[in-house]
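Peer 1: Right, I'll just put the structure down here and ask away after.
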Amino acid sequence: MKTNPALRLARHALVLLAVFKINAASAQISTNAQLSLAQTNGSTMSLNISNSGDQVWVVQSSSNLTTWTTVESVKVFNGTYHRIYTNGAKGNLFYRAFYDSMQQTIAAATTNALSLPNTNYNYASPSLPASFSVNPILAEDNTPGNDATTDAGATLGRVLFYDKRLSTNQTISCASCHVQANGFSDPRQFSIGYNGSLGTRNARWYQRKKFFWDERAATLEDQTLAPIQNPIEMGMTLGALTNRLAAEPYYTNLFAAAFGSTAITTNRISFALAQFVRSIVSTQSKYDIGVTNNFANFTAEENTGRQIFFGLNGNKATCAICHATDNFVPTTTLNNNGLEFPYVDLGVGGITGVTTQNGLFKVPSLRNIALTAPYMHDGRFTNLAQVVTFYNSGIVSGPNLSPPLIGPGGQPLRLNLTTAQQAALVAFLNTLTDTNLVTDAKLSDPFNYGN
Ligand code: HEC
Ligand code: HEC
């Protein structure tokens with residue numbers, strides 16, 4: 001275990017110094033424990049500890065480097081600890097953090113580990129727009145009879161979603177790739193996979209019930225176990241996972257509350273995660289408000305875009321044939337939207353082996369689409385203007401091109417929109433952003449000291 005050298009930061013009104021001392025009992029610290037210090041502005045210091053072993057770290061401050069006062073002792077509950085400390089009243093505070101084998105007494109009780117409300121948030125019956133309570137959206141709800149969302153079940157799912165213990169080296173949680181502030185998509189756009197946005201999906205409403213771009217997961221319950229076991233994602237075995245979770249007292253409580261007994265099983269993990277994912281629901285965008293007031297809240301440009309999208313006011317229906325309903329997904333069809341031919345990624349055909357399904361993909365909902373670039377299954381478009389340019393003039397012919405995108409004479413459809421109309425279509429897509437979703441506390445990281 002390396003001992004970090006003392007780090008002196010710029011001398012303004014105060015001096016911040018971190019002395020990171022690793023106790024002699026450091027053999028107990030897992031090898032990937034790391035400390036980092038950064039001065040965030042003139043008067044605060046941010047400390048990050050990455051330590052998958054759940055040890056207790058003692059943070060102390062001093063004004064003279066001789067007498068040290070304990071600021072706090074923290075147990076690293078979720079693989080990482082992040083805190084911002086302010087300069088003391090007298091200024092010139094130094095900080096140090098160290099692992100002390102004598103002070104490993106903080107219990108991993110629910111109250112220490114997690115910031116959960118006394119009464120669970122309401123996940124079971126969220127208030128939904130009236131337009132969600134009638135067909136076809138009602139029929140699109142893929143909640144299975146044996147996994148109805150409960151407040152306690154989705155609360156457990158929320159904790160699991162943010163827990164880095166779900167990955168083998170305890171550094172990656174579902175939320176590492178599905179970041180709330182980015183509409184539950186991955187801001188590291190090209191690093192791992194493309195477009196895993198949950199905020200655009202309203203996963204609860206997809207009548208075909210299947211998940212991933214190529215629909216390789218039969219249900220959302222199945223889907224949740226895929227990234228946990230995927231070697232390039234979380235790389236965990238399910239047996240190791242249940243053992244690991246069983247070692248945390250707060251999980252015993254959460255499983256009991258959710259499922260009536262303390263048993264921690266793979267099935268229950270997948271059910272709770274699916275309940276939480278079904279709770280990531282966007283219903284308060286500018287568009288949703290517009291539905292209730294005949295779009296009086298829209299600008300003229302946004303309304304022009306809406307008419308193009310839905311084929312109103314003399315426009316030929318295009319987008320809404322596939323991105324249908326207020327959820328912007330078709331009820332039952334898979335489609336090819338003419339991105340390319342030959343098909344580089346066979347999509348659904350690659351899973352089913354059916355040639356007429358080559359190049360077919362799940363039609364994604366467009367909710368929060370402005371937050372979740374890049375676009376398409378391979379992330380080929382970096383902004384919505386490029387997407388609109390593609391649909392306007394770039395659709396490519398191919399044997400499985402979906403009929404709504406085939407124009408006269410069997411040629412790929414050309415919309416021939418003016419520049420202003422294309423901009424209006426982008427303006428309309430921007431009305432689908434629901435900023436409430438990206439700040440909603442019930443969907444946020446519940447771990448104390450999480451980051
Ligand atoms: C390493 C990054 C990464 C991690 C970790 C990760 N995901 Fe994903 N997720 C993705 C990507 C990329 C996709 C899109 C891939 C696809 O659809 O084929 C995706 C797709 C999904 C989808 C399907 C969306 C749809 O409409 O079909 C769901 C649901 C989902 N993830 C939930 C989870 C859950 C739950 C976890 C934690 C157990 C998790 N993800 C962990 C990257 C990740
Ligand atoms: C024939 C059905 C169909 C029509 C019509 C259609 N789309 Fe799509 N759309 C799809 C499919 C399928 C995908 C996913 C394609 C892929 O990634 O291979 C998609 C993807 C998208 C995406 C990217 C979503 C994401 O999460 O990356 C946007 C944005 C989009 N479409 C907007 C539109 C607009 C705007 C129109 C009208 C001009 C339109 N679509 C018309 C089927 C359609």
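Quick note: the coordinates plus some simple rules give every number you see, no bench work behind them. Note that the structure is a prediction, hence the values are computed from the model and not measured. All Cβ positions, even for glycine, are placed from backbone atoms using ideal geometry, and neighbour counts span all protein chains on display.
Peer 1: Can you list the residues, at least 5 places off or on another chain, whose amide H is less than 5 Å from the amide H of T325, using H built in the peptide plane?
Peer 2: Here nothing satisfies the definition.
Peer 1: Moving on. Applying the Karplus parametrisation 6.51 cos²θ - 1.76 cosθ + 1.60 with θ = phi - 60° to the phi angles of the range 288-296, what ³J(HN,Hα) value in whole Hz is obtained for each residue in order, glycine and proline being reported as x?
Peer 2: Those phi angles translate into 4, 5, x, 4, 8, 10, 6, 6, 5 Hz.
Peer 1: Picking from L384, L360, I406, whose Cα lies most toward the positive end of the charge dipole for the range 286-436 (charges on Cβ: Lys, Arg +1; Asp, Glu -1)?
Peer 2: I406
Peer 1: Follow-up question, since we're still on this one. Would you mind checking which residues have amide H under 5 Å from S185's amide H? H placed 1.01 Å from N; only 5 or more apart, or other chain.
Peer 2: Residues meeting the amide H criterion: V179, L198, G199.
Peer 1: Tell me which residues come under 5 Å, amide H to amide H, from V363 once H is placed; ignore anything under 5 positions away on its chain.
Peer 2: Result for V363 returns N335.
Peer 1: Could you give the distance between the Cα centres of the range 373-451 and the range 245-290, to the whole Å?
Peer 2: A separation of 30 Å, based on Cα centres.
Peer 1: Can you run phi through the Karplus equation (6.51, -1.76, 1.60; θ = phi - 60°) for the range 387-395 and list ³J(HN,Hα) in whole Hz, with x for Gly and Pro?
Peer 2: Using θ = phi - 60°, the values come out as 4, 5, 4, 4, 5, 6, 9, x, 5 Hz.
Peer 1: Within 10 Å, Cβ to Cβ, of V59, how many net charges do the neighbouring residues add up to if Lys/Arg are +1 and Asp/Glu are -1?
Peer 2: On the way: positive: R83, R96; negative: E72.
For residues surrounding V59, the net value is +1.
Peer 1: Counting other Cβ atoms within 10 Å, which GluC sites (Glu not before Pro) in the range 294-353 have at most 12 and lie in a DSSP loop?
Peer 2: Answer in residue order: no site qualifies.
Peer 1: Count the net charge of all other residues whose Cβ sits under 11 Å from the Cβ of Q357, scoring Lys and Arg as +1 and Asp and Glu as -1.
Peer 2: -2
Peer 1: Let me ask something else. Given N residues in the range 286-436, what is its alpha carbon radius of gyration divided by 2.2 N^0.38 Å?
Peer 2: Compared with the compact-globule rule of thumb, the range 286-436 sits at 1.05.
Peer 1: Is the C-alpha gyration tensor of the range 112-280 telling us rounded, prolate or oblate? Criteria: a/c under 1.5 is rounded; beyond that, a/b larger than b/c is prolate, otherwise oblate.
Peer 2: oblate
Peer 1: Now a separate question. Which whole-number percent gives the relative contact order of the range 286-436, counting Cα pairs below 8 Å spaced six or more residues apart?
Peer 2: So the answer I get is 29 percent.
Peer 1: Same structure again: Contact order normalised by length for the range 112-280, with contacts defined as Cα pairs under 8 Å and 6 or more residues apart; what percent is it?
Peer 2: Relative contact order here is 29 percent.
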